[in-house]
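Below is one structure, written out as structure tokens; the observations come after it.
What follows is calculated from the coordinates using simple rules that are stated; it is not laboratory data. What you are looking at is a predicted structure, and each value in this text was computed from that prediction instead of being measured. Glycine gets a Cβ as well: all are built from the backbone with ideal geometry, and neighbour counts include every protein chain shown.
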Amino acid sequence: MSDADNDKGGKARIARIDTPKEQVLQVERRDYPELAPTDRPRSQSLDGFDDIYTDIVDYIVRCTHKIWDERDIGLIYTHYTHNCVLYGTTGTIYNREDVVRDTIQRLVSFPERRGMATQVIWNGNDKDGFYTSHLVTGSGRHTQFGHFGAPTGRPFVSRTIADCMVLRNKIYREWVVADNMAIVRQLGLDPHAFAMRTAKSKFDAGLTSLDIGENRRLLGQNPPEWEADVSLANTTLEADVLRWLHEIFNKRMFGKIKDVYAPTVQYHGPLMKELYGVAAVTHQHLGLVGSIPDAGYFVQHVCSNDSEEGGTKVAVRWIIEGHHLGYGILESLGEPTGKRLQVMGMTHFHIKDGQIVDEWNVYDELSLLTQIKLAQLQDLPDTDPHRP
């Protein structure tokens, strides 16, 4: 029994999941041919998966490479269910054919794009299904007309994390957080004009922005929940991470950062930020909440793997809900508008000796700007000439 099974801080028991004894490859220190080998025997039980795949990391890395880099887009028909749901930061796709169309459109704009697997964190098995969190560093040049407009010829680098639920060779649910604001800025485009164009297309399709009131971080006039809900955790370390996040983001105890981050921590953030040290991490997290001062932070999934580099890699999928009421690091949003915002984000942590030594944090400021523009369109009276 885990020592967290009887922890009074959680709302549910933590069932420890032992480290898999199967020899599943890890991404960080390997070249692509080793991650997608031609002569490696299957090292993990993968009932129902294509024979070519040796483990779940090979599956995610290889099929992503074949679809996006080798342009075998048709593999989507054998690797996604017909009724798959793909949740993105600016909309949701509800069927496989639309996934095919969306993939084609993105590759039209960036025919030189390369997506390099940075790491894959996962849990599960072939009987119950796998959950994978795949961090990708993408690079390319904007050489064709497409959803980013006329070609600029400029290069870009950005990060994306895709979380997938997989059973018997097919992805049936996926969450994708791409740092589109990083691309827009590197291409020299106007973020406000781009966000308005996206918002207008959604408005014209009948979509509206909704302000649904409290985000439930506070219940009435009570303070935040004192203890974190650790019911999603599979291990003691995952439960600790959920407690840290609750302490920092919901209880606003930003001083906790100096206790859980190593002095030499490296922060890999949105807009391709590469920052170092506890002060930088504190500023980034405080600045995000500063832009959304009533923000509630809610974890939706957590998983982890022991790392060949030492320590453990932990993947967290989360949302922040609140209103654009203040100033912070999201300067592209401009003056506070009071509009409701929802941030879908994903974070990968590398934890050694009880401290975070690396953090990869991905969310999309362009999605937030689009949400504000959509809400502002909704505010315009029917007689306003600027209303679409």
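Near Gly149, no amide H atom lies under 5 Å from its own; only residues 5 or more places off or on other chains count, and H is placed 1.01 Å from N. For the stretch 276-302, the residues whose amide N sits under 18 Å from a probe point set 7 Å from the Cα of Lys258 along the beta carbon direction are 276-287.
In terms of distances greater than 30 angstrom between alpha carbons, the cross-link table entries Lys273/Lys352; Lys202/Lys251; Lys273/Lys339 yield Lys202/Lys251. Taking the Cα centre of the stretch 226-378 as reference, the dipole from Cβ charges on Lys and Arg (+1) and Asp and Glu (-1) amounts to some 440 debye. Counting other Cβ atoms within 10 Å as a rough exposure proxy, the listed residues Val85, Val343 run Val85, Val343 from fewest neighbours to most.
Across the chain, Cα pairs under 8 Å and at least six residues apart give a relative contact order of 15 percent. What the Kirkwood sum gives for the stretch 32-191 is a hydrodynamic radius of 16.4 Å, with every pair of different alpha carbons counted.
Short-range pairs are left out: with C-alpha atoms under 8 Å and at least six residues apart, the relative contact order of the stretch 32-191 is 20 percent.
Shown in residue order for the stretch 215-229 are the 3J(HN,Hα) couplings computed by the Karplus curve 6.51 cos²θ - 1.76 cosθ + 1.60 at θ = phi - 60°: 9, 6, 5, 10, 9, x, 9, 7, x, x, 3, 6, 10, 6, 7 Hz (x for Gly and Pro).
Residues in the stretch 113-124 carry Karplus couplings, in order, of 4, 10, x, 9, 5, 9, 6, 10, 10, 8, 8, x Hz; the curve used is 6.51 cos²θ - 1.76 cosθ + 1.60 with θ = phi - 60°, and Gly or Pro positions show x.
Looking at the chain, the DSSP beta bridges with both ends there are about 90 percent antiparallel. Given H placed 1.01 Å from N in the peptide plane, which residues other than close sequence neighbours of His323 have an amide H under 5 Å from its amide H? Hits under the 5 Å cutoff: Asp294, Ala295, Leu341.
Between Ser139 and Met116, the modelled labels are 0.5 nm apart [label points 7 Å from Cα along Cα→Cβ]. Between the beta carbons of Asp353 and Asp190, assuming R0 = 45 Å, the FRET efficiency works out to 0.50 to the nearest 0.05. Per-residue ellipticity at 222 nm computed for the chain from its helices equals -7000 deg cm²/dmol, with DSSP H segments shorter than 4 residues left out and the rest contributing -39,500 (n - 2.57).
Per-residue Karplus couplings for the stretch 135-151, computed as 6.51 cos²θ - 1.76 cosθ + 1.60 with θ equal to phi - 60°, are listed in order as 8, 10, 9, x, 9, x, 9, 8, 10, 9, 5, x, 5, 9, x, 5, x Hz, Gly and Pro entered as x.
Only Cα pairs under 8 Å and 6+ residues apart enter the sum, and on that basis the relative contact order of the stretch 236-388 stands at 21 percent. Modelled spin labels at Glu331 and Glu274, positioned 7 Å past Cα toward Cβ, are 2.1 nm from each other.
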